[in-house]
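One structure is given below, encoded as structure tokens.
The values are calculated or read from the model by the stated rules, or taken from the named source; none is laboratory data. All values derive from a computational prediction rather than experimental measurement. So basically every Cβ, Gly included, is an ideal-geometry build from the backbone, and we count neighbours across all protein chains shown. Areas reflect the complete protein model, heavy atoms only, side chains present, ligands, DNA and RNA absent. Shrake-Rupley method; radii C 1.70, N 1.55, O 1.52, S 1.80 Å.
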Amino acid sequence: MTQKPVPSNFIENIINEDLERNKNQGRVHTRFPPEPNGYLHIGHAKSICLNFGIADRYGGLCNLRFDDTNPIKEEVEYIDSIQEDVKWLGFDWDDRIYYASDYFEQMYEYAEQLIKAGKAYVCDLSSEEMREYRGTLTESGKESPYRQRTIDENLDIFRGMRAGEFEDGSRVLRAKIDMASPNLNMRDPVLYRILRATHHRTGDEWCIYPMYDYAHPLSDAIENITHSICTLEFEDHRPLYDWVLESLGFDVNHRPQQIEFARLELTHTVMSKRKLRQLVEQGYVNGWDDPRMPTISGLRRRGYTPEAIRDFCNRIGVAKSNSVVEVALLEHCIREDLNARAPRRMAVLEPLRVVLENYPEGLTEEMEMENNPQNPAMGIRKVPFSRILYIEREDFREDPPKKFFRLAPGREVRLMNAYIIRCEEVIKDEETGEVIELRCTYDPTTRSGSEGSTRKVRGTLHWVSAAHALEAEVRMYDYLFLEDEAAEEAETGALELEQMLNPNSLVTLTGVRVEPELADAAPGQRYQFLRQGYFCVDPDSSVENLVFNRIVPLRDTWAKIQKARGGKK
């Protein structure tokens, strides 16, 4: 019998009970069944971690199965991206990659079996008529006038549907259940529809395709799945799931069990594939892997790590009721992860030129800096220092407000791991009045590590040497949606997508100056830019054109939220 871990959620409680009864001969076999009609998002990551994680905890198996029953919306591009995302998150299906289309012939044979048992019939009602016959939540439905067709007539017509004798949408195969059921999903649901569309795997072999609610339980049963873990919107579909398997004679003790959990909703974003597709197709974002998207490929391009996403999924846990998780928690997880592993570098996003007038011309010194104070094993690096430097424009104020401890006329600051400098003169553009240069002096006795380095000043600034700095482009990403409850607003139609979009979700900075150590930064490499945040080298980056994406700023809003709540996790 499979070992029973200490349960961490209600799903594992169910599994432990099944193991106690030796249901399914003590096996635990799950599956992750995405529809290949778009890219996976952070909500799918929760399901991936749950399904593969449970299989791992119980020494079981987890299949990757593509629910490819709707050829109109499905593409090989999505299949490839899904496999890449699951692998990147750290999970492996070994040789267990399946497609619902693998079972089309078996599903068809099962459909004939239902017809022969008097449990399915061909219906000629139009889609509008079926909606009228279906009834409402408070009114029973009406039986189709085609419900009493004979078994032989149903078999003959259904075989004709498969043979392509009828037009698309002209007929469907329906389950014969109960038009008075309080559950609308049980009011003679559609099992097959006629649809002439080329399938990415079966080509034009089929012109009828099974509906998801029919294909889902059969795919699970054929693969010997024990626990079919779905999101909460499928709870009302569970009676149909069980009806299909029971009607076809699958033993209740050896067939899959559907279990529902709450899907992930995140503030400042939407999780609907339909809405995400709309963002892509209408050009609101630059593709499915746009770093503002909640897709796994978008998060990967932005610089998120699989470890941080798995940690996030573990922290939010598995619940039975829907709730919205604050995106600040996801950001907190990536900060915690990168704080320990990301090398530190200096980058000046909006450069202001500083000339040290008393520093020897032509001299270059090397200042030692830790690559990561949280991880001394990462060692130190040497950063060039010279007479002309760049500092951050916001680190200077000509008329500083109270409690501004950075550079101002006549004021001293320390340059990080270097010298104390003093601002002596401000140079402005004659036409615009904009500050374009600061003339300063440095105190040569205050170099970091020297005896004079103990002299204290209030401010410490990061910097780069003008003669050695590299020019870069930095893409400052922010939330795509202004509304906290963007998903709810989108689904209710209270606001259109365009009304919810943040016009400053992407601000591109050019002319950024970074330290020369970043010359060989590889795409995907992550850094902490001192005092700025965490950044990742974009795939567009090259030696000639360095491009960095901001992952998250240093400000940890989740920590503040927790503090306000009294430190509760």
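Applying 1/(1 + (r/R0)^6) with R0 = 41 Å to the Cβ-Cβ distance of GLU485 and ASN375 gives a FRET efficiency near 0.60.
Oblate is the label for segment 280-338, because a/c, from the alpha-carbon gyration tensor with a ≥ b ≥ c as root eigenvalues, is 1.5 or above and a/b does not exceed b/c. Let a ≥ b ≥ c be the square roots of the eigenvalues of the Cα gyration tensor of segment 150-259; is it rounded (a/c under 1.5), or, if not, prolate (a/b larger than b/c) or oblate? It comes out prolate by the Cα gyration axes. Taking trypsin sites (Lys or Arg not before Pro) across segment 436-466, the ones in a DSSP loop with at most 10 further Cβ atoms lying within 10 angstrom of their Cβ are LYS456.
Between amide H atoms placed 1.01 Å from N, distances below 5 Å from HIS41 occur with ILE296, all of them 5 or more places distant or on a separate chain. Given their separation in residues at 0.36 nm each and the Cα-Cα distance between them, ALA197 and GLU361 gain 51.7 nm when the chain is fully extended. Taken one residue at a time, the phi angles of segment 416-424 give Karplus couplings (6.51, -1.76, 1.60, θ = phi - 60°) of 3, 6, 9, 10, 7, 10, 10, 7, 9 Hz. Gly and Pro are set to x.
For VAL413, the amide hydrogen comes within under 5 Å of the amide hydrogens of ILE421, counting only partners 5 or more places away or on other chains and with H modelled in the peptide plane.
Per-residue packing, averaged as other Cβ atoms within 10 Å, sorts the ranges 37-44, 59-66, 406-413 into the order 37-44, 59-66, 406-413, beginning with the highest. Under 5 Å between amide hydrogens, built in the peptide plane, is the criterion, and for ILE436 it picks out ILE427, LYS428, ASP429 among residues at least 5 positions away or on other chains. Across the chain, the fraction of Cα-Cα pairs farther apart than 38 Å, rounded to a whole number, is 46%.
Name the shape class, rounded, prolate or oblate, that the alpha-carbon gyration tensor gives for segment 230-330, where a ≥ b ≥ c are the square roots of its eigenvalues, rounded holds for a/c under 1.5, and otherwise prolate holds if a/b is larger than b/c and oblate otherwise. Since a/c reaches 1.5 and a/b is larger than b/c, the shape of segment 230-330 is classed as prolate. Mean separation of Cα pairs under 8 Å and 6 or more residues apart, divided by the residue count, gives segment 497-561 a relative contact order of 21 percent. Our coupling estimate for segment 279-295, obtained by passing each phi through the Karplus curve with A = 6.51, B = -1.76, C = 1.60 and θ = phi - 60°, is 4, 6, 5, 8, x, 6, 10, 9, x, 5, 9, 4, x, 8, 7, x, 5 Hz, Gly and Pro reported as x. The magnitude of the dipole of segment 171-253, with charges of +1 and -1 set on the Cβ of Lys/Arg and Asp/Glu and taken from the Cα centre, is near 460 debye. No disulfide-compatible partner, judged by a Cβ distance under 4.7 Å, exists for the following cysteines of the chain: CYS62, CYS123, CYS207, CYS230, CYS333, CYS423, CYS440, CYS536.
Loop-located trypsin sites (Lys or Arg not before Pro) in segment 92-144 (DSSP state other than H, G, I, E, B) with a sparse environment of at most 10 neighbouring Cβ atoms within 10 Å are absent.
In terms of accessible area, using a 1.4 Å probe and ignoring ligands and nucleic acids, TYR133, TYR121 rank largest first as TYR133, TYR121. For the set LYS46/LYS87; LYS73/LYS320; LYS87/LYS320, the pairs lying more than 25 angstrom apart at their alpha carbons are LYS73/LYS320; LYS87/LYS320.
Farthest toward the positive end of the dipole of segment 255-367, out of VAL280, GLN257, ASN322, is the Cα of GLN257, where the dipole comes from beta carbon charges about the Cα centre. Taking label positions 7 Å along the Cα-Cβ direction at both THR508 and GLU17, the computed distance is 5.6 nm, reported to one decimal. In the chain, Cα pairs under 8 Å separated by at least six residues give a relative contact order of 12 percent. Rounded to the nearest 0.05, the FRET efficiency derived from the C-beta distance between GLU544 and ASN286 at R0 = 30 Å is 0.90. Rounded to the nearest 5, what % of DSSP beta bridges with both residues in the chain are antiparallel? Roughly 65 percent of the beta bridges in the chain run antiparallel, per DSSP. Of the solvent-accessible surface of the chain, computed with a 1.4 Å probe over protein heavy atoms with every protein chain present, carbon and sulfur atoms account for 45 percent. Based on the Cβ-Cβ distance from ASN314 to VAL426, what FRET efficiency comes out when R0 is 56 Å, to the nearest 0.05? With R0 = 56 Å, the Cβ-Cβ based efficiency is 0.60. In the full protein context, the chain carries 45 Å² of accessible surface per residue, based on a 1.4 Å probe and ignoring ligands, DNA and RNA. If you plug each phi of segment 373-388 into the Karplus form 6.51 cos²θ - 1.76 cosθ + 1.60 with θ = phi - 60°, what whole-Hz ³J(HN,Hα) values come out, in order, with x for Gly and Pro? Listing the rounded values in order: x, 7, 9, x, 5, 6, x, 10, 9, 10, 10, x, 10, 9, 5, 10 Hz. Here each label is just a point 7 Å from Cα along the line to Cβ, and for ILE97 and GLU437 those points are 6.0 nm apart.
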